[in-house]
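The values are calculated or read from the model by the stated rules, or taken from the named source; none is laboratory data. Everything quoted here is computed from the prediction, not taken from an experiment. Neighbour counts run over all protein chains shown; Cβ positions are idealised from the backbone, glycine included.
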Amino acid sequence: MSDADMKVETKAAPLNGTANGNTKLKFDMPFFNIQAIFGDLAAPAATRAKANFEQMKVTSEEITAALCDACSTSAKRSADYGTKVIEISNANTSSALEFFSQLADARSFADLVNLSTAHGRKTFEAASAQNRELWDLAQKVATETAEPIKNSFNRVLHRAA
């Protein structure tokens, strides 16, 4: 059997009542226009979604810029902190070598005790000052690193509210 020999029957009636090959058939099944029904609901939702995505993109770019600034500031301040640690190490090493040199020149036990006492006092005072400097630098690193992030999040949260 070939395709030409097959006959297909439908329950469709011609629109104009005549049956010829060029006539459009009318089917008994009703046609639902999904676009017409849901189109009115989908258009505002799509517009809102697009606006929300744009806002999220802008917010993401702002936060990314703030994080880049924070990382840059952190790197600079951390380098300052590292430099200060190296300077302190150099000062402490020089102080210790000077102390050992003075100990080598000591003529009596009393000189050793006096040199040790003076060096201990000098070392304690230097360590206190150095710790204050390092503490101040650490606070500066933390504050200057967190500030751009804090400001960016505040802007974003105020805009969202």
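Data overview
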| item | result |
| --- | --- |
| Of all residues in the range 78-90 being small (G, A, S) and modelled with pLDDT under 95, the one that is surrounded by the most Cβ atoms within 10 Å (Cβ to Cβ) | S78 |
| Some residue of the range 135-145 being more than 30 Å from S60 (Cα to Cα) and touching a residue at least 40 places away in the same chain (Cβ under 8 Å) | yes |
| The range 41-82: number of residues that are within 15 Å of R155 (Cβ to Cβ) and among the hydrophobic types (A, V, I, L, M, F, W, C) | 7 |
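One line per residue, one yes/no per condition, for (1) farther than 30 Å from W135 by Cα; (2) modelled with pLDDT of 85 or more; (3) in contact with a Gly (Cβ under 7 Å, 6 or more places away or on another chain); (4) assigned to a helix (DSSP H, G or I):
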site: T23; (1), (2), (3), (4): yes, no, no, no
site: D28; (1), (2), (3), (4): yes, no, no, no
site: F31; (1), (2), (3), (4): yes, no, no, no
site: A36; (1), (2), (3), (4): yes, no, no, yes
site: S72; (1), (2), (3), (4): no, yes, no, yes
site: K76; (1), (2), (3), (4): no, yes, no, yes
site: N92; (1), (2), (3), (4): no, yes, no, yes
site: A96; (1), (2), (3), (4): no, yes, no, yes
